[in-house]
Each structure stands twice: as C-alpha cells, then as structure tokens.
Amino acid sequence: MKLRYKITVGILIFVFLFFSAVAVSISYTADCPPAAEAASGSTMKAVVYRCYGGPDVLEYADIPMPVPAEHEVLVKVHAAGVNPLDWHFMRGSPFVMRLMTGIGAPKDAALGRDFAGVVEAVGENVTRFKAGDRVYGGANGAFAEYLVRRETGSIALMPANVSFEEAAAVPVAAITALQALRDNGQLQAGQKVLINGASGGVGTYAVQIAKSMGAEVHGVNSTRNVELVLGLGADRVFDYKKENYTESKERYDLILDMVGNHSLLDNSKVMKPTGRLVQVGGPSGDWVGPFRGAIEALLVGPFMEQEVESIMAQLSGDDLTQLATLMAEGKVTSRIDRRFPLADTAQAIAYSETGRARGKIIVAVD
C-alpha cells in the first residue's frame, strides 16, 4: 500500500473515531440525583430539572429567591408560556443541544422562557422600569414565582388591555413568527404567503402578523382547526386531511413551514420564481430532529431557483415592544388552548409534546 493511501486511511479512521467519541459523549444521560434538600432563607416555588428525560424528571421545588443586580428587575410571575423549546431542553434533544446545556445532565436546573408579571423590585441603576409595572418577555426560569431579567434584555411593558396569560403566550412564538416573516421572509404588502402549521403556537401568530403586514394569507392545518385559522384572518385554509397544498395551482411569494412534512422540491412547485421558503420547525428526533430543515437548506437549497432559509429566532426587547403595539391595537391576540397550575407544569409540557395544541399552553403561576 502506497504511503498516501496509508495516510488517507489513517485520517479516515481518526475522523470516524473522533466523531464516534463525540456522539457517545453527547448522548450520555446521567441518572437523576436524589431530590434536592429544601433551600434555606427566602424561597419560592419553581419547576426545575436536574437530569434529562421525560416530564417525570421535573421537580416542583422550593428554591432560593433571586435578588436583582444593579441593572436587573425582579418580576413576580403571574403566567408563563409553554413552548416546544422547553421539552427540547428537558430531554436534552437533539443531543447536540447538550454541548450548550450540559453533557450528561443540565448545567442550569431552571426551565421555561415566556413570562408575564409585575415588577416587584429594581436594581439601583435601573431606569426603564419601576416597581408595579406590568411586563412580559423571555427569561430563563419562567416556570417560577419570581425571576430576574436585565432591563436591556428581552422584556417590555405589557399593553393595558391584555391579560397576563395572553401576554405570556407571546414572546418565543410571536417573535419567531415576526422575524420569520419580516427578516427571513422579507414579506411585503400585497404578497401571498402560505403558513404550514397555521393552528400551532407560532402559526396562529404568523397568520395575524402577516395580515397586519398587508399580505394575503393561506394556512394549512387539520379539519378541526379550519374555523380557528379562518377566524384569525386567513384568506384560505388547506385541510391537509383532504388536500395537498403542494399539488394546488396557487403560487406563493413566501412559505413559512412549521411542520416539515413536504420536501423542498415539492414546496418549490407552488412558489413563485422569486419566492422564499423559511423553515421554522420540523420533526423531533435525538440526532437531527428540528435541525433537518437547516441541513436540507444547506444541501438542496443551492440547486433551487427560490431562496431557502431556516430561522433561529432571537428574543428582542424591541420586537416585544412592536408586538405590544400590535396587541394594543387588537391586530394580534393569543389563542390559548389549555391552562395548568405551576405544580402541574409536567402535565403542560407532556401535552405540548403531543403536538396537538391549538394555539398556546399556559402555566398559571399565581
């Protein structure tokens, strides 16, 4: 065997062993430790997880009360929203997430992102908020009675005509819809947009935001959700149990895909030559799962005439303020499917995992 072949084989073996080791490492799941001892001093109720797994790993526990730093606000949480993001963190899935959240077990026991509540106290250098303000936003550890958030972070004042539950449903889902339509999709007034998965958390907001932007909106969902999506303002709804939108004669400027149940090439058939496809979600799975869309966009996108993108939304105080304006004007409302008390957060997340929620799931903290 020539030297160059020996070197090539050696490199391939090394690469295989390296990635095998990485795969074994990130897929390792440690056993759950015994229940934590009760915290001393000032405490609050919160839902935490100290190992990866199903909803049974969640603990309803007493943990120390947070104290705001000089640029932070302390919020008494009244309601929290449930997102698929929560059970992805809970399970540490796809496994690649564990490079960020912790190998074997989570580094941070706090869970939950969306919150709405009242400012209880502020740090000495806070100028944007004061005690008594009604606020909403995104912060790690939203499934708790209290949390802290930096005043320049993803937090904004709530509209006076919106309830805590309605506001808590908004942050992750509505910001994802807004950024997918406005930034990735570059949607303009008068254009035609299709929203695949229009009755879910992101989809219900996407329908309303697209209409507020002056677009013609078509949705895709099951039979039981047709009237719901039409009621949100959709101009047409495809019942996927009866018709396949990729076989229609419609042509779209933009497709927002929350489901990933059709190939990129099938979607391209109903897109205009200048159209755009934005992949927001996809199937679950421990290895690829929701990242499948990004991989397809990388591999197949260059061979398509239309633009293909996947989105990873970023929580933003400015976007929360924009959404608050839309809520105040009645252009965006929250569709709440079910409510659970804080002690039953595990049941709320289990329901979220079924994928059958019509709109948003809320954890009522107070």
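The single residue among GLU120, GLU70 that is in a loop (DSSP other than H, G, I, E, B), open to solvent by 20 Å² or more (accessible area, probe 1.4 Å) and either among the basic types (Lys, Arg) or farther than 22 Å from TYR351 by Cβ (or both) turns out to be GLU70.
Candidates are the residues of region 199-239 that are part of a loop (DSSP other than H, G, I, E, B), modelled with pLDDT of 95 or more and not acidic (Asp, Glu); the one that is surrounded by the fewest Cβ atoms within 10 Å (Cβ to Cβ) is GLY214. Selection of first residues in region 209-227 that are within 20 Å of GLY330 (Cα to Cα) and of second residues that are open to solvent by 10 Å² or more (accessible area, probe 1.4 Å) and acidic (Asp, Glu), restricted to Cβ pairs under 6 Å at least 6 apart or on distinct chains, gives the following pairs, ordered by first then second residue: GLU216/ASP235; VAL217/ASP235. If you go through region 71-97 and keep only what is more than 29 Å from TYR205 (Cβ to Cβ) and either at pLDDT 95 or above or among the basic types (Lys, Arg) (or both), you end up with just HIS71. Considering each of ARG149, ARG98 in turn, give the residue that is assigned to a strand (DSSP E or B) and out of contact with any Pro (no Cβ under 7 Å at 6 or more places or on another chain). ARG149 is the lone residue from the list that is assigned to a strand (DSSP E or B) and out of contact with any Pro (no Cβ under 7 Å at 6 or more places or on another chain). Of the residues making up region 312-364, those that are open to solvent by less than 20 Å² (accessible area, probe 1.4 Å), of a type in the set (A, V, I, L, M, F, W, C), within 22 Å of MET90 (Cα to Cα) and touching a helix residue (DSSP H, G or I) at 6+ places or on another chain (Cβ under 6 Å) are ILE349, ILE361, ILE362, VAL363.
If you check LYS107, LYS130 for being open to solvent by 30 Å² or more (accessible area, probe 1.4 Å), at pLDDT below 95, basic (Lys, Arg) and more than 19 Å from the chain's Cα centre (by Cα), only one passes: LYS107. Go through region 170-198 residue by residue and tally those that are among the hydrophobic types (A, V, I, L, M, F, W, C) and either open to solvent by 30 Å² or more (accessible area, probe 1.4 Å) or farther than 17 Å from ALA234 by Cα (or both). Residues in region 170-198 being among the hydrophobic types (A, V, I, L, M, F, W, C) and either open to solvent by 30 Å² or more (accessible area, probe 1.4 Å) or farther than 17 Å from ALA234 by Cα (or both): 6 in total. Candidates TYR60, TYR49: the one that is touching a helix residue (DSSP H, G or I) at 6+ places or on another chain (Cβ under 6 Å) and open to solvent by 60 Å² or more (accessible area, probe 1.4 Å) is TYR60.
Inside region 279-294, residues that are at pLDDT below 65 and either surrounded by fewer than 13 Cβ atoms within 10 Å (Cβ to Cβ) or in a loop (DSSP other than H, G, I, E, B) (or both) make up a count of 7.
The values are calculated or read from the model by the stated rules, or taken from the named source; none is laboratory data. This is a predicted model, so every value here is computed, not measured. Every residue, glycine as well, gets a Cβ built from its backbone with ideal geometry; the counts of neighbours run over all protein chains shown. Quick note on the areas: whole protein, heavy atoms, side chains included, nothing else; ligands and nucleic acids left out. Shrake-Rupley method; radii C 1.70, N 1.55, O 1.52, S 1.80 Å.
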